[in-house]
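Undergrad: The structure that follows is given in the form of structure tokens.
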Amino acid sequence: MNLPLGYAYSATYAGIRQVEKDDLALIVSGLPANAAAVFTQNRVQAAPVVLSRRHLKLSKGLVGAVVINAGNANCATRTGAAVALATCKAAAKLLRLTVPQVLPASTGVIGVELDPRKIIDALPRLIAGLGSDRFDAAAHAILTTDLVSKTAFAEVKLRRATVRIAGMTKGSGMIHPQMATTLGFVMTDADIPVAPLRKMLGRTVERSYNRLSVDGDTSTNDTLLLLANGASGIRPDPKEMRKVEEAIAGVMESLAQAIARDGEGASKLITIVVSGAPSDSGAARIARAIANSPLVKTAVAGSDPNWGRILSAAGNSGVAFDPAKTDISMQNVVVCRAGLAAPFSEPELKARLDAPECEIRVTVRGKGKGSARFWTCDFTEGYIRINASYRT
């Protein structure tokens, strides 16, 4: 794991969580990094989301530090805006940055007041603990109901040197992306100006985080941030920029898959592949409808090859397609051909569906060229258990 140059990380326990484990993380770029971000489209937006949007505009896309807390969403509270701003002001003073160059991010319970002193009092020791080798500590501190931390890395060999990419994310429940999902932070040491960085993020999020769902709920705090600090000294040429973008997309796809794999109560990762739709966006809508179907997700949990639920969910997507030209396969076994049952061994397929990963393919035969890949997970009793007692 070769981390991008020029970044430092830290984590500490600030007393925000009810249990004593790190709940405050910090990412710092030695020189303020060019930044691009996407945020939740939920009409209810947490104070850190609102302030981060404003700060990115005021700083013209320069970010020197990101302060992330877990255990409290700082959303739908009387003091949310004041807490987010106080956090940024305190961090900016200690790090000698302008206030707009600090972004806040929060995750946790909605509607509970957050005491700003817990964060502000912890900042000195958080900053004192900064190190380029504390990436994993920061990645672990941002988790909530996650069972594992989620990280991904890549290196891109360019003509003059190698640039590096690293990403960390959190998310297990309340996952249904609209522009972003959960909290995600991707760093590179390539020199990429703000304008192309924004376009790059728009394209890569569409094929990664926007192809992910756990339970169909879009969070109030969703934030995905892409930083490029140029510490490698390398600005990729146009052809190399495509290579860098592909590597960033790969990192983000890995992070999205990790979220689906670790969905609350999940026992299986489900990959849905749709082809032959009228357009790529249409294929994505079909895949999303299948991914969000509780009937499909519970069938997979029970290793039940109930392809009728898949076809029905596709038909509820709002996308025009001909069911009589539609084939469905599960675990590479054709279960539906031309909209009708295909012969297959149910015991054999049921055994294949017991695997920790399930692939569902929907193919519409005809002139359509649209395709999409989507990730989700199964629904088990564990999801209900976790969310029935989340606040307590």
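The values are calculated or read from the model by the stated rules, or taken from the named source; none is laboratory data. Quick caveat: nothing in here was measured; it's all calculated off a predicted structure. Every residue, glycine among them, receives a Cβ derived from its backbone with ideal geometry; neighbour counts consider all protein chains shown. The protein model used for the area step is the full one, side chains on, heavy atoms only, and it has no ligands, DNA or RNA in it. Shrake-Rupley method; radii C 1.70, N 1.55, O 1.52, S 1.80 Å.
Undergrad: According to the Kirkwood expression over distinct Cα-Cα pairs, how big is the hydrodynamic radius of the range 282-392, in Å?
TA: Details: mean 1/r = 0.0679 Å⁻¹.
One over the average 1/r among Cα pairs gives 14.7 Å for the range 282-392.
Undergrad: Further question on the same structure: Loop-only check: which trypsin sites (Lys or Arg not before Pro) in the range 65-112 are DSSP coil with at most 12 other Cβ within 10 angstrom?
TA: Arg78, Arg96
Undergrad: Just the accessible area for Val194, please: 1.4 Å probe, Å², rounded to the nearest 10?
TA: 20 Å²
Undergrad: Carbon and sulfur together cover what percent of the accessible area of the range 298-387 at a 1.4 Å probe radius?
TA: Here carbon and sulfur together make up 53 percent of the probe-accessible area.
Undergrad: Could you tell me the calculated FRET efficiency between Glu348 and Gln18, based on Cβ-Cβ distance and R0 = 35 angstrom, to the nearest 0.05?
TA: That gives a FRET efficiency of 0.15.
Undergrad: I would also like to ask the following. Do you know the relative contact order of the chain, to the nearest whole percent, from alpha carbon pairs under 8 angstrom that are 6+ apart?
TA: 17 percent
Undergrad: Distance from the Cα centre of the range 291-363 to that of the range 173-246, in angstrom?
TA: 31 Å
Undergrad: Something else: Taking Cα pairs under 8 Å and at least six residues apart, what relative contact order does the range 143-281 come out at, in percent?
TA: 31 percent
Undergrad: So if we plug the beta-carbon distance of Leu58 and Asp136 into 1/(1 + (r/R0)^6) with R0 = 35 Å, what FRET efficiency do we get, rounded to 0.05?
TA: It comes out at approximately 0.65.
Undergrad: Give the percent of DSSP beta bridges with both residues in the chain that are antiparallel, rounded to the nearest 5.
TA: Antiparallel bridges make up about 70 percent of those DSSP assigns within the chain.
Undergrad: Enumerate the whole-percent occupancy of each 20 Å bin, from 0 to the last occupied one, for all C-alpha pair distances of the chain.
TA: In order of increasing distance, the bins hold 29, 53, 18, 0 percent.
Undergrad: OK, next. Considering only DSSP beta bridges with both partners in the range 239-368, what is the antiparallel share in %, to the nearest 5?
TA: Antiparallel bridges: around 60 percent, rounded to the nearest 5.
Undergrad: Now a separate question. Identify which of Thr107, Thr87, Thr79 has the largest mean-square fluctuation in a Gaussian network model of the chain, with springs joining Cα atoms closer than 10 Å.
TA: Thr79
Undergrad: Which value in nm describes the separation of the simple spin-label points at Lys199 and Ser281, placed 7 Å from the Cα toward the beta carbon?
TA: Simple spin-label model gives 1.9 nm for this pair.
Undergrad: Measuring from label point to label point, each 7 Å out along Cα→Cβ, what is the Asp322 to Asn2 span in nm?
TA: It is 5.3 nm.
Undergrad: Is any helix in the chain, taking whole DSSP H runs, at least 15 angstrom long along its axis by alpha carbon and on average at least 0.0 on the Kyte-Doolittle scale, and which ones?
TA: TM-like helix candidates: 47-58, 80-95, 116-128, 194-206, 280-291.
Undergrad: Using just the helices of the chain, give the 222 nm mean residue ellipticity in deg cm²/dmol: DSSP H runs with n ≥ 4 each add -39,500 (n - 2.57), and the total is spread over all residues, rounded to 500.
TA: -10500 deg cm²/dmol
Undergrad: Counting C-alpha atoms alone, how compact is the range 105-229: give Rg to one decimal and Dmax as a whole number, in angstrom.
TA: 16.2, 51
Undergrad: Hey, what do the phi angles of the range 358-370 turn into as Karplus ³J(HN,Hα) couplings, whole Hz, using 6.51/-1.76/1.60 and θ = phi - 60°, x for Gly and Pro?
TA: 10, 10, 10, 10, 10, 10, 9, 7, x, 8, x, 10, x
Undergrad: Give me, ordered by chain and number, the residues 5 or more places off Gly71 or on other chains with an amide H under 5 Å from its own placed amide H.
TA: Answer set, sorted by chain and number: Thr107, Gly108, Val109.
Undergrad: Could you state how much accessible area Lys239 has, in square angstrom rounded to the nearest 10, with a 1.4 Å probe and all protein chains kept in place?
TA: 140 Å²
Undergrad: Of Lys170/Lys199; Lys57/Lys239; Lys21/Lys89; Lys21/Lys170; Lys325/Lys367; Lys297/Lys350, which ones are farther than 20 Å apart at the Cα?
TA: Numbers: Lys170/Lys199 23 Å; Lys57/Lys239 29 Å; Lys21/Lys89 25 Å; Lys21/Lys170 16 Å; Lys325/Lys367 11 Å; Lys297/Lys350 15 Å.
Among Lys170/Lys199; Lys57/Lys239; Lys21/Lys89; Lys21/Lys170; Lys325/Lys367; Lys297/Lys350, the Cα-Cα distance tops 20 Å for Lys170/Lys199; Lys57/Lys239; Lys21/Lys89.
Undergrad: Using 7 Å Cα-to-Cβ label points, what is the Arg337/Lys239 separation (nm, one decimal)?
TA: Calculated label separation equals 4.6 nm.
Undergrad: Evaluate the charge dipole of the chain about its Cα centre and quote only its size in Debye, nearest 20, assuming +1 on the Cβ of each Lys and Arg and -1 on the Cβ of each Asp and Glu.
TA: 1260 debye
Undergrad: Grab every C-alpha pair in the range 100-159, bin the distances at 5 angstrom width from 0 up to the longest one, and report whole percents.
TA: Calculated over all Cα pairs of the range 100-159, the distribution is 4, 10, 16, 23, 20, 14, 6, 3, 2, 1, 0 percent.
Undergrad: Amide H neighbours of Cys336 under 5 Å, counting only residues 5+ apart in sequence or on other chains, H built in-plane at 1.01 Å?
TA: Here the answer is Ile328, Ala342, since their amide H atoms fall under 5 Å of that of Cys336.
Undergrad: While we're looking at this one, here's another question. HN-Hα J couplings of the range 219-236 from phi, Karplus 6.51/-1.76/1.60, θ = phi - 60°, integer Hz, Gly and Pro as x?
TA: My calculation for the range 219-236 gives 5, 7, 10, 3, 8, 10, 10, 10, 10, 9, 9, x, 5, 6, x, 10, 9, x Hz in order.
Undergrad: Report, ordered by chain and residue number, the aspartates and glutamates lying within cross-link reach of Lys369, taken as a straight Cα distance under 20 Å and ignoring same-chain residues fewer than 8 apart.
TA: Partners within reach: Glu206, Asp280, Asp322, Asp327.
Undergrad: Just to confirm, what accessible area per residue do you get for the chain at 1.4 Å probe, in whole Å²?
TA: I get 42 Å² per residue for the chain.
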